[in-house]
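> Below is a structure I'd like to ask you about.
The values are calculated or read from the model by the stated rules, or taken from the named source; none is laboratory data. Remember, predicted model here, so these are calculated numbers, not experimental data. Methodologically, a virtual Cβ is constructed for each residue, glycine included, from the backbone with ideal geometry; neighbour enumeration extends over all protein chains shown. Surface accessibility is based on the protein's heavy atoms, side chains included, excluding ligands, DNA and RNA. Shrake-Rupley method; radii C 1.70, N 1.55, O 1.52, S 1.80 Å.
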Amino acid sequence: MESGGAPLNDQREQTSICFKAFMLKNSTKSNLNLYDHLARVLTKVMDERPENVVDVIEDMSHEVKRGLLLDKQSTLRDIPLSPAAQLLAEQQMLLFSWGGGDDGDQEVETPLPNVSEVGFLLEQAGVGLGREEMLRVFLALKQLVNSQPLARCRLWGKILGTEGNYLVAEGEYRDGEEEEEGIHEETAEDAEGEPRDDDEEAEVVEVIDTLPRSTFKPPPVVPTEDNRTGVNKFTYFVCREPGLPWMRLPTVTPTQITAARHIRKFFTGRLDAPIVSYPPFPGNEANYLRAQIARISASTQVSPLGFYQFGEEEGEEEEEGARDSFEENPDFEGIPVPEMAESLSTWVHHVQHILQQGRCVWVNLAEKPEDDFEEEADEEVKEEAEEPEPEVGPPLLTPLSKDAEITTTPPWSSKMSSTLISQFAIAVLRSNLWPGAYAYASGKKFENIYFGWGLKFAGEACTPTFPTMPQREYTSGPEITEALDPSLEEEQALKAALEEQKAAQDETEGLGGDEEDDDD
């Protein structure tokens, strides 16, 4: 019996060795073998000990194989990058942890308004960004306030673009905290002007260049209004999404506002994008965005009648058209909502009107410094010269009922947020000249906001500006007319005439020499 069992055991051992060798055979595709794979799967089962192993054994085998392939197998595909939504979510996560450890936030006054209340009232008016986005915007504004020394900050609105949108925040720096701008630009312009004068003097000395010179003189440049005045009264910050860094917009110039009135361009969402238009715009998209914000604010920033008032001292000293500041009226009790929804006379503009000059305060460009009038005769001419008529716009706190229409379109539309429950409704105002501008009022509370493309209602189809007339050509004359090239026959005839003339001169000189010899 023992002799019969030994060959059987040897046969089984030989079979097991052959089967193990078969299981250790590597695959030509993945370079893996079944023996090691089963060992890893059983090890995973003993480590995790899941319930109903027989039902999940295939999934565990797939996970083990996939883990080995990701670690060892080389592929030509790159690791996929994180999507933009995931990167934005990671940026916005910082908003919810910003200032989480501060315990004294309730005691310190914040320059931020109650954005949650503003969002709720805007929702009642039928506009807004939604509750979730308004919360992120509020946290982004809080981040801006913590990074900038602002005395007041509010959500101005959202301007849409083809590639990205702009969230716009309006702020006002504390006294003495605002950074100065424009100094380096003016210095550079002055530095560029000096060598030009030297070149012109050099050209005057050298009379070699006889080409005609242009007599065109560019119009005088309208000076930019200072910070905290006029169109630069407030500072504006923009960001593409809540959580992304805020970018401060530059101050706006009258030239940019004047050029923005003659073009219509969609925003791209990139502040450094060039503005390709005719007439040409002096700046990039950041400057164009700042000019449009100034125009929209001057036309659509309104408040209930009586909420603001002029100071008593200012009212006595200054004229009505020259007032540029006001203060809140502590005795204002509010206007009934039905009355505000029916009459535009209960709303007033509280932002200065922008003149055709591109400024809120008119400046006389015809005036020259006294140093230029050294002689008395020049002073008399200056007095006798006709000065331009000052441009005056509508004063501050002008009722909306005096706004002009565009092609029989009323400038404003007003309504109540709800006619079913009128006792809890609010008055809603919508601008028809700047689609996307809204305002609401309820008692002593009001707010202005803008959601749109940043374009004004044209009334008719957009008609591009015609190009300027070409300049007249220089008067032609014989002294500047180019002569025609002579033909071959004319050249030969001229050459023969010159030879005859030279021969005659030589003969004359020879005869004169012979006569002198005879006299001697």
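> Determine the pairs where a residue that is assigned by the TED database to the domain that holds residue 282 and farther than 13 Å from residue 223 by Cα, located within the stretch 250-269, has a partner that is among the charged types (D, E, K, R) and outside any loop (DSSP other than H, G, I, E, B) with Cβ atoms under 8 Å apart, the partner being 6 or more residues away or on another chain.
Partner pairs satisfying both residue conditions: 250/290; 260/295; 261/295; 267/285; 268/285.
> When you scan the stretch 138-158, how many residues do you find that are over 18 Å from residue 115 (Cα atoms) and either assigned to a strand (DSSP E or B) or at pLDDT 95 or above (or both)?
Count: 0.
> Test of understanding: among 44, 65, which residue is at pLDDT 85 or above, surrounded by 11 or more Cβ atoms within 10 Å (Cβ to Cβ) and at negative phi?
After applying the criteria, what remains is 44.
> Exactly one of these conditions fails for residue 436: (1) at negative phi; (2) open to solvent by less than 90 Å² (accessible area, probe 1.4 Å). Give me its number.
(1)
> May I ask you to say which residue of 264, 290 is part of a helix (DSSP H, G or I) and either modelled with pLDDT of 95 or more or within 25 Å of residue 164 (Cα to Cα) (or both)?
Unique residue meeting the criteria: 290.
> Specify the residue that is farthest from the chain's Cα centre (by Cα); the eligible residues are those in the stretch 255-309 that are open to solvent by 30 Å² or more (accessible area, probe 1.4 Å), over 30 Å from residue 427 (Cα atoms) and hydrophobic (A, V, I, L, M, F, W, C).
This residue is 276.
> In addition: Please pick out the residue among 190, 175, 209, 197 that is at pLDDT below 90 and open to solvent by less than 90 Å² (accessible area, probe 1.4 Å).
197 is the lone residue from the list that is at pLDDT below 90 and open to solvent by less than 90 Å² (accessible area, probe 1.4 Å).
> Continuing with the same structure: Take the residues in the stretch 251-285 that are small (Gly, Ala, Ser) and touching an Asp or Glu at 6+ places or on another chain (Cβ under 7 Å), then tell me which one is nearest to residue 451 (Cα to Cα).
Checked the stretch 251-285; the qualifying residue nearest to residue 451 (Cα to Cα) is 269.
> Quick check on the stretch 213-235: of everything there that is polar (S, T, N, Q) and part of a loop (DSSP other than H, G, I, E, B), which residue is surrounded by the most Cβ atoms within 10 Å (Cβ to Cβ)?
Checking each candidate, the answer is 224.
> So the check is Cβ under 9 Å with 6+ separation or different chains; which pairs have a first residue in the stretch 84-103 that's over 14 Å from residue 242 (Cβ atoms) and a second one that's open to solvent by less than 80 Å² (accessible area, probe 1.4 Å) and at pLDDT 85 or above?
These pairs meet every condition: 99/142; 99/143.
> Could you look through the stretch 403-427, keep only residues that are assigned to a strand (DSSP E or B) and either open to solvent by 10 Å² or more (accessible area, probe 1.4 Å) or among the charged types (D, E, K, R) (or both), and pick out the one that is farthest from residue 125 (Cα to Cα)?
Checked the stretch 403-427; the qualifying residue farthest from residue 125 (Cα to Cα) is 406.
> Related question: If the requirement is being under 20 Å from residue 350 (Cβ atoms) and at pLDDT 95 or above, which of these qualifies: 335, 296?
Answer to the selection: 296.
> Taking interchain pairs and intrachain pairs at least six residues apart, which have beta carbon atoms under 9 angstrom, with the first residue in the stretch 337-353 and assigned by the TED database to the domain that holds residue 419 and open to solvent by 40 Å² or more (accessible area, probe 1.4 Å) and the second part of a helix (DSSP H, G or I) and β-branched (Val, Ile, Thr)?
Within 9 Å, the pairs are 339/346; 351/300.
> Would you please list the contacts, defined by Cβ atoms under 6 Å and residues six or more apart or on different chains, that run from a residue in the stretch 445-472 that is modelled with pLDDT under 90 to a residue that is surrounded by fewer than 11 Cβ atoms within 10 Å (Cβ to Cβ)?
So the pair list comes out as 459/407.
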